[in-house]
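Chemist: Just dropping this structure here.
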Amino acid sequence: MTDPIADYLTRLRNAIKAHHRVVEVPSSRLKKEITKILFEKGYILNYKFVEDGPRGTIKIALKYDPVNKVSAIQKLIRISSPGLRRYTGYKDMPRVLNGLGIAILSTSKGVMTNKEASDLKIGGEVLCYIY
């Protein structure tokens, strides 16, 4: 596998399309940080880190609207890839869906959203857009 973040996003996307309640993904430090951000921003219901073997897995409980069964996550878009890295400075921080969505960045201070990065006035690699 050449792009583990794209694999992570694709597993989430496929589970949402199939209306699964829980999805399991292989674990890494970066994926754990992205999962924490998704939970803090209310895109997923809950998560659990399962340490079995050398890597472990992340169990993610997906969030759906109770009335019309629509997922909280509408789109997951991978921006930076191993073949073409996308970086941004804090002055030209991307606005996702005119401020309604979030961009997840990998910065020198850790993984964070575009709003947190612009408050700290730091740029970084734009990993993905979520809305």
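Chemist: Of everything in region 102-112, what is assigned to a strand (DSSP E or B) and either in contact with an Asp or Glu (Cβ under 9 Å, 6 or more places away or on another chain) or exposed (fewer than 14 other Cβ atoms within 10 Å of the Cβ) (or both)? Give them in sequence order.
Modeler: If the condition is that a residue be assigned to a strand (DSSP E or B) and either in contact with an Asp or Glu (Cβ under 9 Å, 6 or more places away or on another chain) or exposed (fewer than 14 other Cβ atoms within 10 Å of the Cβ) (or both), then I104, L105, S106, T107, G110, V111, M112 are the ones that fit.
Chemist: If you go through region 79-96 one residue at a time, do you hit one that is assigned to a strand (DSSP E or B) and surrounded by 13 or more Cβ atoms within 10 Å (Cβ to Cβ)?
Modeler: yes
Chemist: Take the residues in region 46-77 that are part of a strand (DSSP E or B) and in contact with a Leu (Cβ under 9 Å, 6 or more places away or on another chain), then tell me which one is surrounded by the most Cβ atoms within 10 Å (Cβ to Cβ).
Modeler: Of everything passing the filter in region 46-77, I60 is surrounded by the most Cβ atoms within 10 Å (Cβ to Cβ).
Chemist: Just to be sure, is Y47 in contact (Cβ under 8 Å) with a residue 60 or more places away in the chain and within 30 Å of G123 (Cβ to Cβ)?
Modeler: no
Chemist: Do any residues in region 78-89 that are farther than 13 Å from A103 by Cα and touching a residue at least 40 places away in the same chain (Cβ under 8 Å) have Cβ atoms under 8 Å from those of residues that are of a type in the set (A, V, I, L, M) and surrounded by 13 or more Cβ atoms within 10 Å (Cβ to Cβ), where the two are at least six apart or on different chains, and which pairs are they?
Modeler: S81/A6
Chemist: Can you name the residue in region 113-131 that is in a strand (DSSP E or B) and open to solvent by less than 20 Å² (accessible area, probe 1.4 Å) and is also nearest to T2 (Cα to Cα) among such residues?
Modeler: L127
Chemist: Looking at (1) in contact with a Phe, Trp or Tyr (Cβ under 6 Å, 6 or more places away or on another chain); (2) surrounded by 17 or more Cβ atoms within 10 Å (Cβ to Cβ); (3) part of a helix (DSSP H, G or I), find the lone condition where A15 falls short.
Modeler: Checking A15 against (1) in contact with a Phe, Trp or Tyr (Cβ under 6 Å, 6 or more places away or on another chain); (2) surrounded by 17 or more Cβ atoms within 10 Å (Cβ to Cβ); (3) part of a helix (DSSP H, G or I), the one that fails is (1).
Chemist: Which of the residues spanning region 1-12 are open to solvent by 40 Å² or more (accessible area, probe 1.4 Å) and in a loop (DSSP other than H, G, I, E, B)?
Modeler: Residues satisfying the conditions are M1, T2.
The values are calculated or read from the model by the stated rules, or taken from the named source; none is laboratory data. These numbers were taken from a predicted model, which means no experiment stands behind them. Cβ coordinates were reconstructed from backbone atoms using ideal geometry, including for glycine residues, and neighbour counts include every protein chain displayed. For accessibility, only protein heavy atoms count, side chains too; no ligands or nucleic acids. Shrake-Rupley method; radii C 1.70, N 1.55, O 1.52, S 1.80 Å.
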